[in-house]
Amino acid sequence: MTASPIEAELGREVALRRTFAIISHPDAGKTTLTEKLLLFGGAIQLAGTVKARKSARHATSDWMEVEKQRGISVTSSVMQFDYAGHTINLLDTPGHEDFSEDTYRVLTAVDAAVMVIDAAKGVEAQTIKLLEVCRMRNTPIITFVNKLDREVQEPLLLLEEIESVLKIQCAPVTWPIGMGKRFRGVYHLLENRLMRFAAGQERVGTDTERIEGVDNPRLDALFPDETVSLRADVDLLRGASDPFTLEQFHAGTQTPVFFGSGINNFGVQEILQALVDWAPPPQPRDAGVRMVEPAEPAFTGFVFKIQANMDPRHRDRIAFLRVCSGRYSPGMKVQHTRLGREMKIANALTFMANERVASEGAVAGDIIGIHNHGQLHIGDTLTEGEALSYKGIPYFSAELFRMARARDPFKAKQLAKGLQELGEEGAIQVFESATGQTLLGAVGPLQFEIVAHRLQTEYQVDAVYDAADIHTARWVTFPDDNTRKRFEKEQALRMSQDVDGNPVFLASSSYNLMVTRERWPEVGFHATREHG
Ligand code: G4P
């Protein structure tokens, strides 16, 4: 079948999209790399030091008050910029492990990820978890080994560690010469040239000295001590390491590895180039009843994140929607498939590095922000009429529980409203127990603090959070209505509903969960739930 002119044009635009996230353990250098990618992409003019940026952070990519107080990245954000004729959508993810749920959802909206490894610390706990999530969707990973300007681990050992711990084959693309004070640069194994390291915050790519060929006498003249071992390394790598193949990279089984120093803008441009040259454009997506091609003319997309207070001057909530096919155009009418109702997207937003602007149009791979008054939940699908529902946006069962009540009983309504909204946003999980109590479930303890803070500042509710005798929650599914009724009757005290009205079993202990499971083999107990 030949594509219509509309599809052909969409296909051309989609092919130029690259949508990715950066994943790392906190402190490995994700924020620094983000900033430097924006600098190289021309999206910001001056990177400054990370410290300076961190203190002014709320002004650029992070908005929340809590963030300012704690100096950690709580919310994810989206940044679009152009590079080498491509439109790059960089989705930021919170680094703190308490917000990993949010990160997981962001990862469902990307087509590739850049993994940052601190070369001194190697593979760390959070990296392992995040990579597991990437693996669920076989997301292609580009690896950036950072901080070579410090005394770090031997690069070969690092590769071995990545391969054995993360179970992904490494294909080194650049190779470092020296480290710490003697870090000389990286040798590009595919292009056969050395890029000489020079420290500096503001240098942008083109002034890096390049020396062609590993046998170039200039290398001996410049680095008499290191050149011999560089040649030996290059020989070894060419003989023993796995050559980079696009096919394996796209399958998520092999990662191209780059070395550098984010803070010194070194090795950053190669990452951008790899994204443009190798990372896949938007791919077909599973929408339940069928796969949807990105260049199909009808608009579709799904909400992967809801964020409040992006603009401190207005109390607003934005639903972030990843476009999966067709084209968004201002004022278009779409079908909200969960509610089975039409809605108009009046003025969607596009997020640039420093500002948000009215979106003039968006195609697959792009992210638009939709002003949300509660009608959009995480996981919702919007289409131009077809009843589709995008799959795979995870909700994880909470590990920590508290019961919430307003200190002032007259504020109970405000509390319920606040929790409903924060629950829809995914800031916390909210359950209504069969006995009428409101329960909060979190994956990390910091989530409770943030919710308490936001309830106070945004909803003017001072709430009390009592300990709850709950060990874990499981979404339950039933083979038939009769089983559901019998189960709900027997387990009335342990039953609740999540914000979307799904039944949830609240186990008092792992023993309680085990026994209930054994008693009810026909009931499904699920630790994760897909939205929608
Ligand atoms: P994150 O978002 O992954 O948490 O990391 P971030 O970029 O904030 O970087 C963490 C620290 O690592 C920062 O130090 C940053 O300057 C430093 N860093 C990032 N890239 C490099 C690099 O290439 N070389 C070296 N030597 N350091 C790098 P900081 O803001 O001073 O914080 P801290 O060191 O006081 O914690």
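Once you put a point 7 Å from the Cα of L157 and another 7 Å from the Cα of D286, both along the Cβ direction, what distance in nm separates them?
4.1
Give the whole-number value, in cubic angstrom per residue, of the convex hull volume spanned by the C-alpha atoms of region 139-280. Display every interim value, and only then the final one.
Working: hull volume 15.1 nm³, N = 142.
In region 139-280, the Cα hull volume divided by residue count equals 107 Å³.
Nothing charged except the Cβ atoms of Lys and Arg (+1) and of Asp and Glu (-1): what's the magnitude of the dipole of region 88-202 about its Cα centre? Round to the nearest 20 debye.
Taking the Cα centre of region 88-202 as origin, the dipole is about 460 debye.
Cβ neighbours within 10 Å, averaged per peptide: list 109-118, 156-165, 261-270 in order, most packed at the top. Display every interim value, and only then the final one.
Numbers: 109-118: 25.6, 156-165: 16.3, 261-270: 23.6.
Highest to lowest by the protection proxy: 109-118, 261-270, 156-165.
Taking the convex hull of the alpha carbon atoms in region 459-511, what volume per residue do you get, in Å³? Let's see the in-between values first.
On the way: hull volume 5.8 nm³, N = 53.
Normalising the Cα hull of region 459-511 by residue number yields 109 Å³.
How much length is gained on full extension from S329 to A232, taking 0.36 nm per residue of separation minus their Cα-Cα distance?
On the way: separation 97, 0.36 × 97 = 34.92 nm, distance 5.60 nm.
Stretched fully, the S329-A232 segment lengthens by 29.3 nm.
Using a Förster distance of 30 angstrom, determine the FRET efficiency expected from the C-beta separation of Q420 and D466, and round it to 0.05.
Values: r = 20 Å, r/R0 = 0.65.
For R0 = 30 Å, the calculated efficiency reads 0.95.
Using Cα pairs closer than 8 Å and at least 6 residues apart in sequence, work out the relative contact order for region 256-398, in percent. Present the calculation step by step, with values, prior to reporting the outcome.
Numbers: 281 pairs, mean separation 36.1, N = 143.
This gives 25 percent for region 256-398.
Using every pair of alpha-carbon atoms in the chain, split the distances into 20 Å bins beginning at 0 and state the percent of pairs per bin, rounded to integers.
21, 51, 25, 3, 0
When every alpha-carbon pair in region 394-530 is counted, what percent end up more than 19 Å apart? Intermediate results must be reported in sequence, preceding the final value.
Numbers: 4489 of 9316 pairs.
Distances greater than 19 Å cover 48 percent of the Cα pairs.
What does the highest-first list of 78-91, 25-38 look like by mean Cβ count within 10 Å?
On the way: 78-91: 19.9, 25-38: 23.6.
With the highest mean Cβ count within 10 Å placed first, the list reads 25-38, 78-91.
About its Cα centre, how strong a charge dipole does region 396-503 have in debye, to the nearest 20, once Lys and Arg get +1 and Asp and Glu get -1 at the Cβ? Don't skip to the end; give the middle numbers.
Numbers: 13 positive and 17 negative charges, 62 e Å.
Here the size comes out at about 300 debye.
Toward the positive end of the charge dipole of region 301-413, about the Cα centre and with charges on Cβ (Lys, Arg +1; Asp, Glu -1), which of L400, L339, S359 goes farthest?
Projecting each Cα onto the dipole axis, the largest value belongs to L400.
If each of L190 and A492 carries a label point 7 Å out from its Cα toward its Cβ, how far apart are those two points in nm?
Taking the simple label geometry, L190 and A492 are separated by 6.5 nm.
Given the -39500 (n - 2.57) contribution per DSSP H run of 4+ residues, what per-residue ellipticity at 222 nm results for the chain, rounded to the nearest 500 deg cm²/dmol?
Values: 16 runs with 154 residues, N = 532.
Here the helix-only value at 222 nm equals -8500 deg cm²/dmol.
Quick one: Debye curve from the alpha-carbon atoms of region 301-379 only, equal weights, vacuum; give me log10 I(q)/I(0) at q = 0.12, 0.20, 0.22, 0.25 Å⁻¹ to two decimals.
-0.30, -0.88, -1.08, -1.40
Dipole of the chain, Cα-centred, from +1 at each Lys and Arg C-beta and -1 at each Asp and Glu C-beta, to the nearest 20 debye?
Working: 59 positive and 71 negative charges, 224 e Å.
So the dipole magnitude of the chain works out to roughly 1080 debye.
No lab work stands behind these numbers, since they all come straight from the coordinates. Everything numeric in this text was worked out from a predicted model, so none of it was measured. Counting neighbours? That spans all protein chains shown, and the Cβs are built from the backbone with ideal geometry, glycine included.
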